[in-house]
Structure formats: C-alpha cells, structure tokens
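Pasting in a structure now, in structure tokens, and then I'll have a few things to ask.
The values are calculated or read from the model by the stated rules, or taken from the named source; none is laboratory data. Computed from a predicted structure; not experimentally measured. A quick note on method: Cβ atoms are made from the backbone with ideal geometry, for glycine too, and the neighbour counts reach across all protein chains shown.
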Amino acid sequence: MNALVDILASAGLWAAVLRIATPLILGTLGALLCERSGVLNLGIEGIMTFGAMIGWLAVYNGADLWTGLLVAALAGGVFGFLHAVLTVTLGLSQHVSGLGVTLFASSFSYYVFRLMVPVAGTPPTVEPFQPIAIPGLSDLPFFGPAFFNQTPPTYLAILIAILMAYIILRTPLGLAIRMAGENPHAAEAQGINPMAVRYGAVIAGSALMAVGGAFLTLSAFNSFFPTMVQGRGWICIALVVFASWRPERALLGALLFAFFDGFQLRLQTALNGAVPYQIFLMIPYVLSIAALAVMARRARVPQALMQPYRRGER
Amino acid sequence: MSEAVLEISGVSKRFGTNLANDNISLSLGKGEIVALLGENGAGKTTLMSILFGHYMPDSGHVRVMGQDLPPGKPRAAIRAGIGMVHQHFSLAPNLTVLENVMTGTESLWSVASNTGPGRAKLMAISERFGLKVNPDARLGDLSVGEQQRVEILKALYNDARILVLDEPTAVLTNIEAEKLFSTLKDMARQGLSLIFISHKLDEVMATADRVVVLRGGKLVAERKAAETSKAELAELMVGRAVKRPVREASTPGETVLEAVGVTVRVDDVDRLKAIDFHLRAGEVLGIIGVSGNGQTLLAQLLSGTAKRTSGDLVLFGHGVGDLSVADAVHAGIGRIPEDRNKEGAIGEMAIWENAVLERLSGYSRHGLVDRKSAIDFAGRIISAFDVRGGSPTSRIRLLSGGNMQKLILGRNLIEHPRILVAAQPARGLDEGAVAAVHERILEARRAGCAVLLISEDLEEVMALADRIQAIVGGRLSPPVKAEDVDTRRLGLMMAGEWEQEGVAHAV
C-alpha cells in the first residue's frame, strides 16, 4: 500500500504522465479531426512513424528542432493528402486505404532511414528538446516539478487540444467540419463543399499525427528506430472513441492512458520482479479496453463516418 | 396573383436516354402556393433540383425576382432566396437545432460563431410562423414532424422568399400534415411563395392555389385548384382514368387467426394492451390508427419478430404461443412490412435473391442455392404481378417504390398464403400503384386469404376492409362493420372515442 502512495505522491510520476501523453494527445487530436469530417484515418501508425523518422532526420542533418517538427508536419500532410485522394476523391474503403498508408509509411520510413543513415552499432543521436520551467508556476511545491517543467512540444500539445476544442465546437469552420462528418448532403445543400472540408481535415489531422511521432525522436528520446511508435497510433484511434469525438475529452483520455502507463512502469520497479513484468505492460491496455467499453456505449459516432460522399447521390 | 417571383422557362434535362424534364416552363407569383403534381418518376424532383442548383439543366433557364439564376450553384440559389425542404431531410441528427440551422451561414474563417444573434434570429422566425422549436435540442431526439419544422426554419433562416417542399407529408402523420399545411398557408399570407411537390390529391386540392401536373417529364396541365376536381387531376396525372378498386360483398369463412387478450410489453411499457381480434378466411380486417399507436408492434407480433407478454394467439384453431419468423412462413402467413426499404427488401441484392430469401430451403440443392429455379421463380413473380423496371438479376434498389411493393406482394401471394399481414401497403405509392396493390389484396381475399390490413388511410380501409378496428395507444377497439361507419365515425374511433358509440370495449 505504501508503495502505491509513494508512487502517486511522486512528482516524477506526474511529470512522466505528461511526457507519455504528448504523442497520444497529438495523435488522438489528429485522428479526431479526420473522423469528425467523416474520414477514418488508420494511416496514423505509419504517419507517426514517418513523422518520427523525418523530423529526426532533418535535425540530424542540421535543422533546428522546431524546423524538425515542421518538416514532420509537412510530411504528415502529404500522407494525409494521399489518404484523402484515395478515400474522398476516389471513395475507396477507408479501412483498407488507411492500413495501406500505414504499411507504406512505416516501410518507407525505414527505407529512407537506411538510405540516409549508415548502419552503426549504436544508433546516432540528436540533441533533443530540453524541459523549460515556466517562471513562477514551476516553483510551486509538487505541482511545479510535476506539471510545469516540460519540453515545449508538451505545452504545445495541450495548447493545440484547447484550440481544437474551440475550433470544432465554437467556430463556423468547426461546424462545417462536423456537418461534413454527420451529413455531407446537408453541408452541400447549405453551400459548403464537403469534399474540400474533408481534404482539409485529413491533411491537417495527419500533420498533427506526424508531429506526435516526431515528439518521440525529438523530445522523449533522441534517436530513431523503426518500431518506436509501438502501436501508439492504434491507441489514439481507440482514444477517439473513448473521447466520444470531443477534443477536450481526447486530452483527458490521453492523460488517463499515460497515467496507467507511467504508473505501471513505477509499480514494476517498486515490486522488483515479484510479478512478471509482462503483466504490468498489459495493465494500460486492459484498463483502456475497460474504460472504452464503459465510455463508448454512450458515444455519438459521426453519422457519415466512413461513408464516401458523391455529389448528387443519396 | 401579382408579379412573378420565379420563372422557369424551357427547362430540359436528360439522364442517359431518359428525358426527365422536357421543355418545362412554370411561374410562381408572390404569396402563391403552387402544387407540383405527378407520379413518381414524372420529373418533379429533377425540376426542383435544377431550381436549387443541384443539377445543371441541358437547356432553359431560371429567373428569380427578374434576375437570371446561375445554374448548378446551390449557394447562388440560397442567396437568391430559394429554400428547399428535402423529402429526406438535409439535417445532422447529432448536432443541435441551432447548429443545423446555422451551418454554412457564416464565413468559415470567422473566429467565433455568432450564436447569440443566430439564436435570436431563429427564435424570431419561429415565433413569426408559429414553428416552435428548442434551439438547443439535439436534432436526433426530435420527432419527424419537428425535424421537418427545423428543415423549414433552416430555409427561412437563409431568408428564403420562395420555399420548395419535396413531398412534405410523405413522412408525417395525418395530424402533423394538417398542421403543416395550415402553417404553409399562413406563410403564403405573409408574402412567401411556395411550391410543394406531391402525388396526394387531397392535400393538393386543400392547400394549393394552382396545380401544375407533370407526366413523363412533360408539363401536361395547369389548373386553378378552385376550378378542378380530384378526378380530373388523377386522370391528368396518370394519363388515363384510374379507379381504386372497392371490395365486393362476400361471406367470410372460418376463423383462421385469433388474438385473445394479447399484451406486449417493451422496455417496461405495455405497447399492446390486452388486444382482441379475430381474422376469418376471405375477409379483410382493417386496423386503422395514426401511426405510432402500436401497429408496428402488432405487425411484428404476427410476423414472428415480437414476443407476447401475456394472452393467447390461436392459429387455425390451435394455440401457438409465440411465433418465430420461420413458424410464420411455415404457417403460410404472408407479410408486407411497413417499411419496404428497411424490412421488405435488401436494396443491394438482386431481385431474385430478395424473392427467395425467406424460402431458401426450397431453392437449394445439396446445400447450394439453385440459382436457375430461383431466377425462374422471380421471373414468374415479375410477369404475374406486373413488376416493371428490372429483371430478376438487377438490384432491387433500382425499382420504384410501387414496383418494389408489387414484388414484395408477389413473393407472398404467389404461394397463396392463408393469411396476409399487410402493414401500410400503399404508403408513399402513386395513384396507379395504389390501385394495383389494392387490386392484388382484393384478389387474395377472393381466393380465401385472410387479410389483416394495417393502415392510417381512411379511404384505403373503407374501400378494402370488411370489418374495422381502431388502434389507439396500444388498445384495439371492438370491430365495426365497414358498411356501418363513415369517415366521421372512423375519425372518432382513431381518436380513441369508441366506448360512447354504445359498444363496450371488451378488456
């Protein structure tokens, strides 16, 4: 029991939660944006991998860290454009197209990486983002080290979540995106071009996913290896459902999952091998499935999700 | 009428080989209500889609308030003051009423939605035309009638001066429809101009100032409503005199199906309350009522898709407990489901597949589907029941409503069922198809089939049924003979007032 309390009371846990959550927040927001417009983007896993690779590669070749993130975002947008051509213009199955994008982007990442970086015993590294203490707030006892001493992309992710909630729920653009995902015919009848809206949402959403991936190589770690995304993309897809397609809940969902993950890491150490570590690795996923089962029952799926839109057809 | 607010001149539109609109010209005056009357496929919806910019016309043009309307641009039509109320509403169930109404009304790049002024404007319009709504309600939680109100409000919110309604009553109950038409008349008095598309003669006669009849893509006649009659319009619309058949006198045979005090509880509410009825061979029992009073469940009970909570079902003299769908098929109960698109047919599957689905075991050999005999069977239905517009291998979705219904009727009647449960069999069909469906039902009755006809159409029930029971709030009135009632008394029965007619309700 004491071990549990110690873990929960350590500022280190909560700092780790924010760190672990960052790529999930960005990825989930990206997937959510796509889905709100009516397009499921299972390309996320591959797009995150590619973002992780290309962002790192840019920095490795001398770009600064922010340029690295920007390069990742642009690359993500390109994959988003590809997915949009396949699903919006051609109206192909969104599942199949998304999985295709994931397979392509993942393998392509590794290929480019191998092409550009010589094989070495220890993987090459870059100098990653450093934590920035927010003046004033970071001096607070417990809360300071827990929440206000993070790397810039983490602050950025939280800002984007708030911004996204505002855009989707409070602006005419957000309403157009939601209408495209709920009833594209209605959007069209009101003079909005649902195809254009979907293109925009998928491209921007994919850019966010790629930035989420780049966080892994430019902040959480400092090198790239091909399997590093490790299913985070799929977790993001589940988090979108968990969040009932609402950005503010996506933020909470990502934090919750990250909490489970950070907690199990520390529990492993605390119990020191008494229980096989695979059990702990399982915990966040099991808890997520349980949470998903509870939350998703009430979720309101965008009604036109996965339905291609063709003008003049009912 | 005063000056024309809308002029359509010489509009033609061709789809492949089909000339959907053939040189149509039409004008609309301020404050006028024009009904666009025609059978399904006459070109009404095409014409209105051109007006609203969904389609480009091949030739001809549209002028609104004296200004040419650029073709093929919905946004331009909205700006010119044309509002469209679609038959399948253009609304999103997960968004609120206000969000549905405000979509597309603001620049996409403004930093915030002006929901305050938007709400005020919506409420002002709602007040002015007596269309009450809660702007914050989730649209999917509203009834169909309320959703239509939102669809109308959306058009008015865009400052529509000309309102086009595509078969506005297709989805409404009679009471909702009456309310709608009084609202529409009120709008016309306030200076709006309206066009409504319909194939229902009653509502056209009651509401429109002028009637424009389309047939086969051509404008065949224009009449002032005051100077025409239902009979004339029906003939103009179909192109020949159409008469709905009426049952002839006959003597019913033995009782084949009986319900004794049957109650069905769904989610802790009694949706059918101790209902009693009996059905005899060679007669039609009409169950009349405003939809939503339990008739769906009654049809499901007899088709094997709903279970009794208490009471007895007696089939051919034997108590049967609960029917399963297989039992119902096996016992020779034919079924015409209420919603032919959802329950009656699988749109993407071929006509022959739809024809044999419920009797697949009869069309299989060694565990494989016997395509040849199944296609033969579908072909027999198609020729015997005059199904037009498809071969056995074409997808059933491509049939018109009337032809799909003929196919569903055919697949049931061709095997001479002993009982036919027909739920709203003529709903949404045009005059010609209604007459055909009625004729088939009467033919089955002559052949000794017992028909349970569930309907909300007084005329239909009066024409077909030997005996009539009203369904109100899950209760059934005692039966009355069709000869003994008129529409007034049936109306009272549909409102639940049957006790005072001197017949005690048997509970």
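What about A:Ala75, is it part of a helix (DSSP H, G or I), under 14 Å from A:Thr217 (Cβ atoms) and either in contact with a Phe, Trp or Tyr (Cβ under 7 Å, 6 or more places away or on another chain) or at pLDDT below 95 (or both)?
Working: part of a helix (DSSP H, G or I): yes; under 14 Å from A:Thr217 (Cβ atoms): yes; either in contact with a Phe, Trp or Tyr (Cβ under 7 Å, 6 or more places away or on another chain) or at pLDDT below 95 (or both): yes.
It is true that A:Ala75 is part of a helix (DSSP H, G or I), under 14 Å from A:Thr217 (Cβ atoms) and either in contact with a Phe, Trp or Tyr (Cβ under 7 Å, 6 or more places away or on another chain) or at pLDDT below 95 (or both).
Go through A:Thr28, A:Thr67 for me and flag whichever is β-branched (Val, Ile, Thr), over 15 Å from A:Ser109 (Cα atoms) and without any contact (Cβ under 8 Å) to a residue 60 or more places away in the chain. Spell out the reasoning first.
Working: A:Thr28 fails: without any contact (Cβ under 8 Å) to a residue 60 or more places away in the chain.
That would be A:Thr67, the only listed residue that is β-branched (Val, Ile, Thr), over 15 Å from A:Ser109 (Cα atoms) and without any contact (Cβ under 8 Å) to a residue 60 or more places away in the chain.
Quick one: B:Arg411 ticks every box in (1) within 26 Å of B:Ile175 (Cα to Cα); (2) out of contact with any Pro (no Cβ under 9 Å at 6 or more places or on another chain); (3) of a type in the set (Lys, Arg) except a single one, so which number is it?
Evaluating B:Arg411 over (1) within 26 Å of B:Ile175 (Cα to Cα); (2) out of contact with any Pro (no Cβ under 9 Å at 6 or more places or on another chain); (3) of a type in the set (Lys, Arg) leaves (1) as the failure.
Residue by residue, here is whether (1) loosely packed, with under 14 Cβ neighbours inside 10 Å; (2) among the acidic types (Asp, Glu); (3) closer than 22 Å to B:Ile441 by Cβ holds:
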{"position": "B:Glu283", "(1), (2), (3)": "no, yes, yes"}
{"position": "B:Ser310", "(1), (2), (3)": "yes, no, no"}
{"position": "B:Gly334", "(1), (2), (3)": "no, no, yes"}
{"position": "B:Asp339", "(1), (2), (3)": "yes, yes, yes"}
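For the range B:124-143, what are the residues that are more than 13 Å from every other protein chain (Cβ to nearest Cβ) and closer than 28 Å to B:Ala76 by Cβ?
Taking the range B:124-143 and keeping what is more than 13 Å from every other protein chain (Cβ to nearest Cβ), we get B:124-137, B:142-143.
Correct list: B:Ala124, B:Ile125, B:Ser126, B:Arg128, B:Phe129, B:Leu131, B:Val133, B:Pro135.
Take the residues in the range B:109-118 that are facing another protein chain (nearest Cβ under 7 Å) and of a type in the set (S, T, N, Q), then tell me which one is farthest from A:Ile168 (Cα to Cα).
Checked the range B:109-118; the qualifying residue farthest from A:Ile168 (Cα to Cα) is B:Ser110.
From the list A:Ala187, A:Ala204, exactly one residue is more than 12 Å from every other protein chain (Cβ to nearest Cβ) and either farther than 23 Å from A:Ile54 by Cβ or buried (at least 19 other Cβ atoms within 10 Å of the Cβ) (or both). Which is it?
On the way: A:Ala187 fails: more than 12 Å from every other protein chain (Cβ to nearest Cβ).
Exactly one residue qualifies, and that residue is A:Ala204.
Continuing with this model, one more query. Please work out which one of (1) within 12 Å of chain A (Cβ to nearest Cβ); (2) of a type in the set (A, V, I, L, M); (3) free of Cβ contacts under 8 Å to residues at least 60 places away in the same chain is the condition B:Ile82 fails and give its number.
Failing condition for B:Ile82: (3).
Residue-by-condition table, conditions (1) farther than 16 Å from A:Pro247 by Cβ; (2) assigned to a helix (DSSP H, G or I):
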| position | (1), (2) |
| --- | --- |
| A:Ala157 | no, yes |
| A:Ile162 | no, yes |
| A:Ile168 | no, yes |
| A:Leu173 | no, yes |
| A:Ile177 | no, yes |
| A:Ala186 | yes, yes |
| A:Ile192 | yes, no |
| A:Ala196 | yes, yes |
| A:Gly200 | yes, yes |
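Residues that are buried (at least 17 other Cβ atoms within 10 Å of the Cβ) and in contact with a Phe, Trp or Tyr (Cβ under 8 Å, 6 or more places away or on another chain): list the strands (runs of 3 or more DSSP E) wholly contained in the range B:17-71 that include at least 3 such residues. Steps first, please.
On the way: elements: B:18-29, B:33-37, B:59-64.
Ranges flagged: B:33-37.
This table checks each residue for (1) touching a residue at least 24 places away in the same chain (Cβ under 8 Å); (2) closer than 25 Å to A:Val101 by Cα; (3) surrounded by 24 or more Cβ atoms within 10 Å (Cβ to Cβ); (4) over 15 Å from the mean Cα position of the chain (by Cα).
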{"site": "A:Phe147", "(1), (2), (3), (4)": "yes, no, no, yes"}
{"site": "A:Leu175", "(1), (2), (3), (4)": "no, no, yes, yes"}
{"site": "A:Ala180", "(1), (2), (3), (4)": "yes, yes, yes, yes"}
{"site": "A:Asn183", "(1), (2), (3), (4)": "yes, no, yes, yes"}
{"site": "A:Met195", "(1), (2), (3), (4)": "yes, yes, no, yes"}
{"site": "A:Leu208", "(1), (2), (3), (4)": "yes, yes, yes, no"}
{"site": "A:Phe225", "(1), (2), (3), (4)": "yes, yes, no, yes"}
{"site": "A:Val229", "(1), (2), (3), (4)": "yes, yes, yes, no"}
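Quick one: which of B:Leu297, B:Leu279, B:Leu323 is within 28 Å of the chain's Cα centre (by Cα), buried (at least 21 other Cβ atoms within 10 Å of the Cβ) and among the hydrophobic types (A, V, I, L, M, F, W, C)? Steps first, please.
On the way: B:Leu297 fails: buried (at least 21 other Cβ atoms within 10 Å of the Cβ); B:Leu323 fails: within 28 Å of the chain's Cα centre (by Cα).
Going through B:Leu297, B:Leu279, B:Leu323 in turn, the sole match is B:Leu279.
In the list B:Glu146, B:Glu151, which residue meets the criterion of being within 25 Å of the chain's Cα centre (by Cα), charged (D, E, K, R) and at the interface with chain A (Cβ under 10 Å from one of its Cβ atoms)? Show your work before the answer.
Working: B:Glu146 fails: at the interface with chain A (Cβ under 10 Å from one of its Cβ atoms).
It is B:Glu151.
How do the helices (runs of 4 or more DSSP H) wholly within the range A:224-314 filter down when requiring 1 or more residues that are touching a Leu at 6+ places or on another chain (Cβ under 9 Å), within 23 Å of A:Ile47 (Cα to Cα) and of a type in the set (Phe, Trp, Tyr): which remain? Please lay out each step first, then the result.
Values: elements: A:232-242, A:247-271, A:277-296.
Qualifying helices (runs of 4 or more DSSP H): A:232-242, A:247-271.
Got a number for residues in the range B:318-340 being touching a residue at least 40 places away in the same chain (Cβ under 8 Å) and not charged (D, E, K, R)?
Adding up the residues that qualify gives 6.
Applying the selection to the range B:247-264, what residues are closer than 27 Å to B:Gly294 by Cα and assigned to a loop (DSSP other than H, G, I, E, B)?
Let us first name the residues in the range B:247-264 that are closer than 27 Å to B:Gly294 by Cα, namely B:247, B:252, B:254-264.
B:Arg247, B:Pro252, B:Glu254 - these are the residues of the range B:247-264 that are closer than 27 Å to B:Gly294 by Cα and assigned to a loop (DSSP other than H, G, I, E, B).
Okay, next question. Report, by residue number, each residue of the range B:283-305 that is in contact with a helix residue (DSSP H, G or I) (Cβ under 7 Å, 6 or more places away or on another chain), aliphatic (A, V, I, L, M) and within 24 Å of B:Val171 (Cα to Cα).
B:Ile287, B:Ile288, B:Val290
Out of B:Ser12, B:Ser90, which single residue is assigned by TED's automatic domain parsing to the domain that holds B:Thr207 and part of a strand (DSSP E or B)?
Working: B:Ser90 fails: part of a strand (DSSP E or B).
After ruling out the rest, the residue left standing is B:Ser12.
Still on this structure, I have one more. Would you say B:Ala463 is surrounded by fewer than 21 Cβ atoms within 10 Å (Cβ to Cβ), of a type in the set (Gly, Ala, Ser) and closer than 22 Å to B:His278 by Cα? So that I can check it myself, show each step before the final result.
On the way: surrounded by fewer than 21 Cβ atoms within 10 Å (Cβ to Cβ): yes; of a type in the set (Gly, Ala, Ser): yes; closer than 22 Å to B:His278 by Cα: yes.
The answer is yes for B:Ala463.
If only one of B:Ala241, B:Ala225, B:Ala259 is closer than 25 Å to B:Met493 by Cβ and either in contact (Cβ under 8 Å) with a residue 60 or more places away in the chain or in contact with an Asp or Glu (Cβ under 8 Å, 6 or more places away or on another chain) (or both), which one is it? Give the derivation first.
Working: B:Ala241 fails: closer than 25 Å to B:Met493 by Cβ; B:Ala225 fails: closer than 25 Å to B:Met493 by Cβ.
Just one listed residue meets the conditions, B:Ala259.
From (1) aromatic (Phe, Trp, Tyr); (2) crowded, with 20+ Cβ neighbours inside 10 Å; (3) more than 14 Å from every other protein chain (Cβ to nearest Cβ), pick out the condition that doesn't hold for A:Trp245.
Every listed condition holds for A:Trp245 apart from (3).
Out of everything in the range B:93-108 that is more than 7 Å from chain A (Cβ to nearest Cβ) and not in a loop (DSSP other than H, G, I, E, B), what residue ends up being farthest from B:Lys154 (Cα to Cα)?
Across the range B:93-108, the extreme among qualifying residues is B:Thr96.
Residues are listed down the side, and each one gets a yes or a no for (1) within 23 Å of B:Pro168 (Cα to Cα); (2) out of contact with any Ser or Thr (no Cβ under 8 Å at 6 or more places or on another chain):
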{"position": "B:Gly10", "(1), (2)": "no, no"}
{"position": "B:Asn23", "(1), (2)": "no, no"}
{"position": "B:Gly43", "(1), (2)": "yes, yes"}
{"position": "B:His61", "(1), (2)": "no, no"}
{"position": "B:Gln67", "(1), (2)": "no, yes"}
{"position": "B:Ile78", "(1), (2)": "yes, yes"}
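Same structure again: Could you pull out the residue among B:Gly304, B:Gly292, B:Gly282 that is more than 28 Å from B:Gly491 (Cα to Cα) and not β-branched (Val, Ile, Thr)? Steps first, answer last, please.
Values: B:Gly292 fails: more than 28 Å from B:Gly491 (Cα to Cα); B:Gly282 fails: more than 28 Å from B:Gly491 (Cα to Cα).
Going through B:Gly304, B:Gly292, B:Gly282 in turn, the sole match is B:Gly304.
Another question, then. Report yes if some residue within the range A:264-282 is away from chain B (no Cβ under 14 Å), aromatic (Phe, Trp, Tyr), crowded, with 16+ Cβ neighbours inside 10 Å and touching a helix residue (DSSP H, G or I) at 6+ places or on another chain (Cβ under 6 Å); otherwise report no.
The answer is yes, given that some residue of the range A:264-282 is away from chain B (no Cβ under 14 Å), aromatic (Phe, Trp, Tyr), crowded, with 16+ Cβ neighbours inside 10 Å and touching a helix residue (DSSP H, G or I) at 6+ places or on another chain (Cβ under 6 Å).
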